[in-house]
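Asks: Below is a structure I'd like to ask you about.
The values are calculated or read from the model by the stated rules, or taken from the named source; none is laboratory data. All values reported here derive from a predicted model rather than from experimental measurement. Using ideal geometry, Cβ is built from the backbone for each residue, glycine included, and neighbour counts are taken over all protein chains shown. Protein only, heavy atoms only, side chains kept; ligands, DNA and RNA dropped before computing areas. Shrake-Rupley method; radii C 1.70, N 1.55, O 1.52, S 1.80 Å.
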Amino acid sequence: MSPFRDFALRASTAATPHIPTPVRRAMAGRQVIIDGNILDPTTQLLLRGMELMGEGEISRGEDVAANRAGMRKQAGLLQFSTPVGQVRNFSIPGPAGPIPVRHYKPVTDHTQALLVFFHGGGWVIGDLDTHDQPCRQTCRDAGVSVLSVDYRLAPEHKAPAAAQDCLAAYLWAVEHAADLGVAPDRIAVGGDSAGGNLAAVVAQQARDSGAQLPLLQFLIYPAVDFTVRRPSRNLFAEGFFLTKAAMDGFESHYLDGSEVDKSDPQVSPILAADFAGLPPALITTAGFDPLRDEGNEYAEKLRAAGVPVDLRVQGPLIHGFYNMAGLGGAPSDAMDELTSALRAHLSR
């Protein structure tokens, strides 16, 4: 992107929260209605602007380094300053070496709870910085500590490396709860998209290994199945940020050449033999997301097994809204709803 186009996109994104809602609707263009959902005009305006600037997809092509840089740029467009009590970077032991983490502490923590957070990005892109803002906002508004985990990425590290790092981070947090200023029995796992996949896998593996269960699994539009392509995958394959091409690329980078079959619950947690005994789940899906149907189905499978599930369906929104609260409007409202729900679940 040229410096001028980059500046124009940043300026328009920064201005969006200050545009009156009726004006946003007019600027967004013709209303988009698919499968009974009406696309949020704030999100539609963002998509329109990003498409005009050539930034309308989460990733493009096979250049991993360029896609990682692109995600950092996209995240930077939506960053705003959210103060928290303390932020500290350090490393913890992992199965293949140190794992970088970032610990956020709220100004006041009434719950002594911790969310061990796994970022999204298709197991390929994304890092501590791309998800710094939503982690800050979750920490502040839910009033909980957050430990963000910089797990190993594909294609350099194939499945199940990411899941192994995430399980190690969760177990480390339980063991070192006092050092983190939290209670060892008040530790949740969560993440968005690929991170939601990893959180679901960690919850299952903790149960299966006899380790302490997470207090909650917080699954934000999770990817949970590599084997079945549900209708939402086709409905929203193009034009809504997360595209079919991007998903195919992520799958290839993560699984091709690995020793894990796509039907293995280590990567497709919806195919686990049993869901009984898993931690309660707070799950959110988006109406215009290719992953919508599998996230909703995972919630149904957990409920059928007797797992308490709080499913929040954000019909007007797209994949990635967890990073878009800075736009105002429906993305901000959804973030407020989720952090409020998270606070309530972790206070029990």
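Asks: Expressed in nm to one decimal, what extension gain is obtained for the pair Ala276 and Arg25 from 0.36 nm per residue of sequence separation less their Cα-Cα distance? Each step should come with its number before you reach the end.
Replies: Details: separation 251, 0.36 × 251 = 90.36 nm, distance 4.49 nm.
Extra length available between Ala276 and Arg25 comes to 85.9 nm.
Asks: By the scheme Lys and Arg +1, Asp and Glu -1, what is the net charge of all other residues having a beta-carbon under 10 Å from that of Gly126?
Replies: Working: positive: Arg68, Arg72; negative: Asp127, Asp129, Asp150, Asp192.
Net of charged neighbours comes to -2.
Asks: With 31 Å as the limit, write out which pairs from Lys158/Lys244; Lys105/Lys262; Lys158/Lys301; Lys105/Lys244 have Cα-Cα distances beyond it, or answer none. Present the calculation step by step, with values, prior to reporting the outcome.
Replies: Numbers: Lys158/Lys244 20 Å; Lys105/Lys262 37 Å; Lys158/Lys301 28 Å; Lys105/Lys244 37 Å.
Beyond 31 Å: Lys105/Lys262; Lys105/Lys244.
Asks: With every protein chain present, what accessible area does Glu238 have (1.4 Å probe, heavy atoms only), rounded to the nearest 10 Å²?
Replies: Roll a 1.4 Å probe over it and Glu238 shows about 110 Å².
Asks: Under 14 Å from a label point 7 Å along Cα→Cβ of Asn296: give me every residue in the range 228-254 with its amide N that close.
Replies: 230-236
Asks: Please turn the phi angles of the range 250-263 into ³J(HN,Hα) values with the Karplus equation 6.51 cos²θ - 1.76 cosθ + 1.60 (θ = phi - 60°), one per residue in order, whole Hz, x for glycine and proline.
Replies: Going residue by residue, I get 4, 4, 4, 4, 7, 10, 4, x, 8, 9, 10, 6, 5, 8 Hz, with x marking Gly and Pro.
Asks: Now for a different question. Compare Val267, Val84, Val202 in a GNM of the chain, Cα atoms joined below 10 Å, and give the one with the largest fluctuation.
Replies: Val84
Asks: I'd like the carbon and sulfur percentage of the solvent accessible area for the range 120-192, probe radius 1.4 Å, heavy atoms only, ligands and nucleic acids excluded.
Replies: Values: 920 of 1870 Å².
Percent of accessible area from carbon and sulfur atoms in the range 120-192: 49.
Asks: Suppose the chain between Lys244 and Ile34 were pulled fully straight at 0.36 nm per residue; how much longer would it get relative to their current alpha carbon spacing?
Replies: Details: separation 210, 0.36 × 210 = 75.60 nm, distance 1.72 nm.
Answer, rounded to one decimal: 73.9 nm.
Asks: Within the chain, what percent of beta bridges assigned by DSSP are antiparallel, to the nearest 5?
Replies: Values: 13 of 40 bridges.
Expressed as a percentage, antiparallel bridges in the chain total about 30.
Asks: Can you give the accessible area per residue of the chain, in Å², using a 1.4 Å probe? Working shown, then result.
Replies: Numbers: 13370 Å² over 348 residues.
Per residue, the chain has an accessible area of 38 Å².
Asks: Within 10 Å, Cβ to Cβ, of Asp150, how many net charges do the neighbouring residues add up to if Lys/Arg are +1 and Asp/Glu are -1? Intermediate results must be reported in sequence, preceding the final value.
Replies: On the way: positive: Arg102, Arg152; negative: Asp127, Asp129, Asp165.
Here the charged neighbours net out to -1.
Asks: Then there's this: Give me the net charge for the shell around Ala341: Cβ to Cβ below 9 angstrom, other residues only, Lys and Arg +1, Asp and Glu -1. Working shown, then result.
Replies: Numbers: positive: Arg312, Arg343; negative: Asp310, Glu337.
So the environment of Ala341 carries a net charge of 0.
Asks: Once you place label points 7 Å from the Cα toward the Cβ at Ser91 and Leu52, how far apart are they in nm?
Replies: It works out to 4.5 nm between the two label points.
Asks: Determine the gain in length on full extension of the stretch Thr108-Glu337; use 0.36 nm per residue of separation and subtract their C-alpha separation, reporting nm with one decimal. It would help to have the intermediate numbers written out before the result.
Replies: Numbers: separation 229, 0.36 × 229 = 82.44 nm, distance 1.99 nm.
Full-extension gain reported as 80.5 nm.
Asks: Placing +1 on the Cβ of each Lys and Arg and -1 on the Cβ of each Asp and Glu in the chain, which of Val201, Phe80, Pro316 has its Cα farthest towards the positive end of the resulting dipole?
Replies: Farthest along the dipole direction, towards plus: Phe80.
Asks: Run the helix sum for the chain: -39,500 (n - 2.57) per DSSP H stretch of 4+ residues, divided by residue count, reported at 222 nm to the nearest 500 deg cm²/dmol. All intermediate terms of the calculation are to be shown ahead of the outcome.
Replies: Working: 12 runs with 141 residues, N = 348.
Taken over the chain, the calculation gives -12500 deg cm²/dmol.
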